[in-house]
Amino acid sequence: MQVFSVLSYNIHECVGSDRQRNPARIAEVINRSGAQIIGLQEVHSDASGTEELHQMNYLAAATGLQAIPGPAVERRNGHYGNVLLTSYKVLAVHNACDRHSPWTARARAALSGETTFACIVRAARSDCHHIERLQ
């Protein structure tokens, strides 16, 4: 049986408890985890700023993993939402987004990806994250 590691991580736009935005610190945690599949929530990818502000691209480069975007909100300077990082080849991706959720003023989104390892990974924004392995 092949074993793999999964990490689900709400990165809060790379802002830590010290209120400092530090994507390198997030990349270090991901790298130390050794996980092959990482579901990130609250990722802001700013296409108009520095390399570190495009958090999806920065974290993919810093970890050496493939990034799959799952935007929940389109902003004037980029997008915000979920990102799936993986070392596996991605075969299919589906991003489900409810920008008008009746339960909350915030958008809800779920990002699913099928990999060569035959698993489905779902990373949903905020408090809703679920990871399921197909038998």
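The values are calculated or read from the model by the stated rules, or taken from the named source; none is laboratory data. As the structure is a prediction and not an experimental result, all values here were calculated from the model. Cβ coordinates were reconstructed from backbone atoms using ideal geometry, including for glycine residues, and neighbour counts include every protein chain displayed.
For region 60-69, what are the residues that are assigned to a strand (DSSP E or B) and out of contact with any His (no Cβ under 9 Å at 6 or more places or on another chain)?
Hits for region 60-69 are GLN66, ALA67, ILE68.
At positive phi and surrounded by fewer than 19 Cβ atoms within 10 Å (Cβ to Cβ), is that true of GLY49?
no
So which residues in region 30-59 are aliphatic (A, V, I, L, M) and over 14 Å from the mean Cα position of the chain (by Cα), if there are any at all?
ALA47, LEU53
Kindly indicate which of HIS100, HIS129 is of a type outside the set (Val, Ile, Thr), more than 20 Å from LEU7 (Cβ to Cβ), at pLDDT below 80 and surrounded by fewer than 21 Cβ atoms within 10 Å (Cβ to Cβ).
HIS100
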